[in-house]
Amino acid sequence: MPAQSRFVKSIVATSKAQDIRLPWTRGAPRKAMIARRQKDLVDATPVAKSA
């Protein structure tokens, strides 16, 4: 078996074994993460101190 054929077979086997979750399949967990990030940005705004 040529090296190229073995390489292609290993790549195909690895890609079938991976469980990749794409952004549009995440739904609620993704929305919750974005909301948490936006909340952290709002909470991190500095407050001006008066003397």
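The values are calculated or read from the model by the stated rules, or taken from the named source; none is laboratory data. Everything quoted here is computed from the prediction, not taken from an experiment. Here Cβ is always computed from backbone atoms with ideal geometry, including for glycine, and neighbour counts include all displayed protein chains. Ligands, DNA and RNA are excluded from the accessible area calculation, which covers all protein heavy atoms including side chains. Shrake-Rupley method; radii C 1.70, N 1.55, O 1.52, S 1.80 Å.
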Mind checking which residues of the stretch 9-27 are assigned to a helix (DSSP H, G or I) and either open to solvent by less than 80 Å² (accessible area, probe 1.4 Å) or at pLDDT 80 or above (or both)?
Lys9, Ser10, Ile11, Val12, Ala13, Thr14, Ser15, Lys16, Ala17, Pro23
May I ask you to verify whether Lys49 is assigned to a helix (DSSP H, G or I), open to solvent by 100 Å² or more (accessible area, probe 1.4 Å) and either out of contact with any His (no Cβ under 8 Å at 6 or more places or on another chain) or free of Cβ contacts under 8 Å to residues at least 40 places away in the same chain (or both)?
no
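Answer yes or no as to whether Arg30 is within 15 Å of the chain's Cα centre (by Cα), surrounded by 10 or more Cβ atoms within 10 Å (Cβ to Cβ) and among the charged types (D, E, K, R). Working first, answer last.
Values: within 15 Å of the chain's Cα centre (by Cα): yes; surrounded by 10 or more Cβ atoms within 10 Å (Cβ to Cβ): yes; among the charged types (D, E, K, R): yes.
So Arg30 passes the test.
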